[in-house]
Amino acid sequence: MIRITAMTCMCVDLFVETDTVVVGGEALNFAANACKYSDVRVSLLGPLGSDRYADSLMEFIKGRNIDAENVHILKGTTATHKIHITSEGDRYFKEGAWDGGVQDTYRLTKEDEEHLSGQDVWFITYSSPNFSEVLELKKRGVRAKLSVDFDELRDFSGLREILPYIDFFMISGDDEVLNACEDLSREYDCMFNVTLAQRGSVTFYRGRSYRVSAVPVEKVVDTTGCGDSYHAGFICEIMRSGDIVRAMNEGSRLASDTLSHVGAV
């Protein structure tokens, strides 16, 4: 059994144009896809507020094969994200769209750290308030593999200090990002995976490149969460088979499913 913990962003996505509320957040989106594999035991770790949004999130989690032992209900509000969708299905955000609620001040507990020490993979976003804590655990020698979603980061100047501790570098990019990741892959023993929307994805590992096409989608309804779905498919398959191309194709398959409906899950 492959043990994966996704942390710490769990929220509700508020779709303004349609007045729709959908559970989401990178950690939840990842877990909702990873739990589909019978040989993967996925856990969620992070805080929710004491409100109706938390109730919706917990109801969703309990309906799936997801370990929620390290999901903590705290006094305060659950994170929310206001999302706008164009007629082409592309999402965009306005200033003040994100409200982190209790996530902004959450710090890992001893129980969280004990849980993480028994996992095979940790999945977290670079923007998470808990990223530095997770990095310290890696520096202290905890042997789990670390998968980090760098989203749309473009300033790589401060990454060299942390790259020795990262196993899977996941990012949404363009040709400039591809060039940077290819160069870094010659220096660090890390898989650099770049998703390119309809252009597919590229992985660089030890200076070698692997490319797969995107799975065609008849109609793109909403791009929210497709990157998280891709990451779940990629990480689960790379841990199962060790085959980079198979992992990329599995990520593309899950991402295409996500594009066909509103919300990430």
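Laboratory data are not the source of any read-out in this text; all were calculated from the coordinates shown. This one's a predicted model, so the numbers in the text were calculated from it and none came from an experiment. Virtual Cβ from ideal backbone geometry, glycine too; neighbours counted across all protein chains shown.
Rounded to the nearest 500, the helix-only mean residue ellipticity at 222 nm of the chain stands at -9000 deg cm²/dmol, with each DSSP H run of n ≥ 4 adding -39,500 (n - 2.57). Potential lengthening of the chain between Asp90 and Lys36 amounts to 16.8 nm, from the contour at 0.36 nm per residue minus the alpha-carbon distance. Could you work out how far apart the two model spin labels at Asn65 and Asp175 are, taking each label as a point 7 Å from the Cα in the direction of the beta carbon, and quote it in nm? For the pair Asn65/Asp175, the computed spacing is 4.4 nm.
Among the DSSP helices (H) of the chain, none spans at least 24 angstrom by Cα along its long axis with an average Kyte-Doolittle hydropathy of 1.6 or more; this is a geometric and hydropathy rule only.
Note: relative contact order over the chain, using C-alpha pairs below 8 Å and six or more positions apart, is 17 percent. Think of the chain as having a plus end and a minus end, set by charges on the Cβ of Lys, Arg, Asp and Glu; of Ser56, Val202, Val22, Val202 sits farthest toward the positive end of this dipole. Could you pull out which residues in the range 156-186 have an amide N less than 16 Å from a spot 7 Å beyond the Cα of Arg199, following the Cα-Cβ vector? Once the point is set 7 Å along Cα→Cβ of Arg199, 171-183 turn out to lie under 16 Å by backbone N, inside the range 156-186. Calculated from the structure, Cα extents along the principal axes in Å equals which of (i) 58, 47, 37; (ii) 48, 46, 38; (iii) 61, 52, 35? Read-out taken from this structure: (ii).
Peptides 178-191, 115-128, 91-104, 4-17 ordered by packing proxy, namely the average of other Cβ atoms within 10 Å per residue, highest first: 4-17, 115-128, 178-191, 91-104. Annotation note: GluC sites (Glu not before Pro) in the range 30-90 located in DSSP loop regions with a Cβ neighbour count of at most 14 within 10 Å are Glu88. Within the range 2-258, DSSP assigns beta bridges of which about 35% are antiparallel (rounded to the nearest 5). Distance from a point 7 Å along Cα→Cβ of Glu113 to each backbone N in the range 42-78: keep the residues under 19 Å and list them by number. Only 45-47, 70-72 pass the distance filter.
A simple spin-label model places the labels of Leu153 and Ser132 1.4 nm from each other, with each point 7 Å out along Cα-to-Cβ. Which of rounded, prolate or oblate describes the range 9-87 when judged by the alpha-carbon gyration tensor and an a/c cut-off of 1.5? In terms of gyration-tensor shape, oblate. Computed from label points 7 Å out along Cα-Cβ, the spacing between Arg160 and Asp55 is 5.3 nm.
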